[in-house]
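Chemist: Pasting a structure below so you can have a look.
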Amino acid sequence: MENHSGIIELDTLRRSRDFLQSVIDNIGDPTMVTDVNYHILLANKAIKKIFDGRRDPVAEHLCCFEVIHHLDRPCPVACPGAYPCPVNEVISTLMPSRVIRTHHDSLDNEIFMEIIASPVFDDAGEIVRIVESFHNITRYKEEGGRLEGLVFDLQNALAKAKRLAGLLPICMICKRIRSEKGDWENIEVYIRNHSEAEFTHGLCLECESKLYGLQEE
């Protein structure tokens, strides 16, 4: 009777695990569940495909740092202070964690991943599992970089541009303009010093007529 009961329990556990695997396999983003010692307990198809499709991290009892970063030690130990570890942050804060880190996919291409890690507690309030979901934000990061470049160029252009505004004190006879220092400057000099404009000289028809006796047509 005990053997039969044990078989039923094992079958129930297997079906429960198969159900959980089916659930996370239908999550589009790479997702995995680890324990507090970084061991991968569940991993969906997406995470196997994007990081290392040739291996089954659960069957091989691998740790997250082995699959994702190809390290032989946890990230905080292998690269102390280099970048935040979401698992460590969840354990230390007992709160969900969100970090952005660079990774390499199965073809060794550099990608940017937003990692959202959430704790799972037991009845005693202790963390027993960490659920990590990975969002590939490489395209948004690249577009953001291009946008930052455009903003930087625009800011530089605005910094270089000089704009005339407000009331300008101008002499009603000689047409010189009083500068901020109190000096009276030729209007051409003033505008050149306070804008990006340059002057090219010519004659309007009225002045040309006065100087050379020509009639306007």
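The values are calculated or read from the model by the stated rules, or taken from the named source; none is laboratory data. Please read these numbers as outputs of a predicted model, since none were measured by experiment. Glycine gets a Cβ as well: all are built from the backbone with ideal geometry, and neighbour counts include every protein chain shown. Quick note on the areas: whole protein, heavy atoms, side chains included, nothing else; ligands and nucleic acids left out. Shrake-Rupley method; radii C 1.70, N 1.55, O 1.52, S 1.80 Å.
Chemist: May I ask you to verify whether residue 134 is touching a helix residue (DSSP H, G or I) at 6+ places or on another chain (Cβ under 6 Å), among the aromatic types (Phe, Trp, Tyr), modelled with pLDDT of 75 or more and in a strand (DSSP E or B)?
Modeler: When the stated conditions are applied, residue 134 does not pass them.
Chemist: Return the only residue of 126, 110 being modelled with pLDDT under 85, loosely packed, with under 14 Cβ neighbours inside 10 Å and charged (D, E, K, R).
Modeler: 110
Chemist: Another one. Quick one: residue 214 ticks every box in (1) open to solvent by 90 Å² or more (accessible area, probe 1.4 Å); (2) modelled with pLDDT under 80; (3) not in a helix (DSSP H, G or I) except a single one, so which number is it?
Modeler: Status for residue 214: all satisfied but (1).
Chemist: Residue check: is residue 77 more than 30 Å from residue 145 (Cα to Cα), open to solvent by 40 Å² or more (accessible area, probe 1.4 Å) and part of a strand (DSSP E or B)?
Modeler: no
Chemist: May I pose another question? Residues being at pLDDT below 80 and open to solvent by 60 Å² or more (accessible area, probe 1.4 Å): count how many of those fall in the stretch 175-201.
Modeler: Residues that pass the stated criteria total 7.
Chemist: Checking the structure you have, find out if any residue of the stretch 81-88 is surrounded by fewer than 17 Cβ atoms within 10 Å (Cβ to Cβ) and of a type in the set (A, V, I, L, M).
Modeler: yes
Chemist: Kindly indicate the residue of the stretch 129-149 that is open to solvent by less than 40 Å² (accessible area, probe 1.4 Å) and among the polar types (S, T, N, Q) and also farthest from residue 86 (Cα to Cα) among those meeting that condition.
Modeler: Per the stated criteria, the residue is 138.
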